[in-house]
1. Residues to consider are SER148, SER199, SER186, SER162; find the one that is in contact with a Gly (Cβ under 7 Å, 6 or more places away or on another chain) and not hydrophobic (A, V, I, L, M, F, W, C).
2. Yes or no: ALA66 under 22 Å from GLY163 (Cβ atoms), buried (at least 17 other Cβ atoms within 10 Å of the Cβ) and either among the hydrophobic types (A, V, I, L, M, F, W, C) or at pLDDT 95 or above (or both)?
3. Looking at LEU179, LEU174, LEU147, which is the one that is touching a Pro at 6+ places or on another chain (Cβ under 9 Å), closer than 24 Å to SER16 by Cβ and either small (Gly, Ala, Ser) or part of a loop (DSSP other than H, G, I, E, B) (or both)?
4. What number of residues in region 125-138 are touching a Ser or Thr at 6+ places or on another chain (Cβ under 6 Å) and either outside any loop (DSSP other than H, G, I, E, B) or loosely packed, with under 15 Cβ neighbours inside 10 Å (or both)?
5. May I ask you to list the residues in region 126-169 that are of a type in the set (Ser, Thr, Tyr) and touching a strand residue (DSSP E or B) at 6+ places or on another chain (Cβ under 7 Å)?
6. So, in region 99-124, of the ones that are among the polar types (S, T, N, Q) and surrounded by fewer than 17 Cβ atoms within 10 Å (Cβ to Cβ), which residue ends up nearest to VAL40 (Cα to Cα)?
7. So GLY71 clears everything in (1) surrounded by 18 or more Cβ atoms within 10 Å (Cβ to Cβ); (2) closer than 16 Å to VAL193 by Cβ; (3) modelled with pLDDT under 95 except one condition, right? Which one?
8. Within region 200-207, is there a residue that is among the aliphatic types (A, V, I, L, M), touching a Lys or Arg at 6+ places or on another chain (Cβ under 8 Å), touching a residue at least 60 places away in the same chain (Cβ under 8 Å) and assigned to a helix (DSSP H, G or I)?
Amino acid sequence: MATQVLEALAKDRVLSIVRAPRIDDVVALTDALSAGGIRVLELTFTTPGLTDLLRTAAEAASRTGAFVGAGTVTTGEQAQAAVAAGAQFIVTPGLGPHADEIVEAAHRSGAAVVLGALTPSEVMTAVELGADVVKIFPARAVGPSYLSDLHGPFPNVPLVPSGGVNADNAADFLAAGALAVTAGTSVVAPSDVENARWSEITRNAAAFCAALH
């Protein structure tokens, strides 16, 4: 399962992070993103009822070849609940005191792990803990050149910038060596989710994907 997620990231070069106060129709959301070319979707623990959403989204994704994961994971218990609900990958905002438990819970279930980091020391720690991918967050604070600098000492570490990545700078991050980039509220606006504007999300996803090339 982890291998499939990583292959999809390497091929599509984008994953969508959904942060919304509520998601009433997660199947329609998953389908809307897939229709726009984004197959890898991260739902976060900042959305109420995440485990139920993950379960429903994972079932829908399995029919369309998409991949669904859980983000903003900060404890081993959250990681366990997420993979039990069908999450195929786990994402953390940083390296908290429970990072080792998160990695263990995810890998035990065959899920991929994306650990958040920013500094070179944090990247080293994430790799040592067993991260499959290291998320560089917040990317808006450092820019594409920082990613290029990190690849000097870490040429083989898959890096994914997150936070402040949009259609205007995504290609620059990829050119700097990113495995993939994240698409946030510029693609999935909370208001579009709330008002079921699925065609708008599909258009935004398609425009974001087009900007990667």
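The values are calculated or read from the model by the stated rules, or taken from the named source; none is laboratory data. All figures in this text were calculated on a predicted structure; none of them were measured in a lab. Note that we place each Cβ from the backbone using ideal geometry, even for glycine, and neighbour counts take in every protein chain shown.
1. Numbers: SER199 fails: in contact with a Gly (Cβ under 7 Å, 6 or more places away or on another chain); SER186 fails: in contact with a Gly (Cβ under 7 Å, 6 or more places away or on another chain); SER162 fails: in contact with a Gly (Cβ under 7 Å, 6 or more places away or on another chain).
Going through SER148, SER199, SER186, SER162 in turn, the sole match is SER148.
2. Taking the combined requirement at face value, the residue does not satisfy it.
3. On the way: LEU174 fails: either small (Gly, Ala, Ser) or part of a loop (DSSP other than H, G, I, E, B) (or both); LEU147 fails: either small (Gly, Ala, Ser) or part of a loop (DSSP other than H, G, I, E, B) (or both).
Within the list LEU179, LEU174, LEU147, the selection yields LEU179.
4. The number of residues fulfilling the criteria is 1.
5. As a first pass, look at region 126-169 and keep what is of a type in the set (Ser, Thr, Tyr): 145-146, 148, 162.
Within region 126-169, SER162 is the sole residue that qualifies.
6. Filtering first and then ranking leaves THR119.
7. (3)
8. Checked region 200-207: no residue is among the aliphatic types (A, V, I, L, M), touching a Lys or Arg at 6+ places or on another chain (Cβ under 8 Å), touching a residue at least 60 places away in the same chain (Cβ under 8 Å) and assigned to a helix (DSSP H, G or I).
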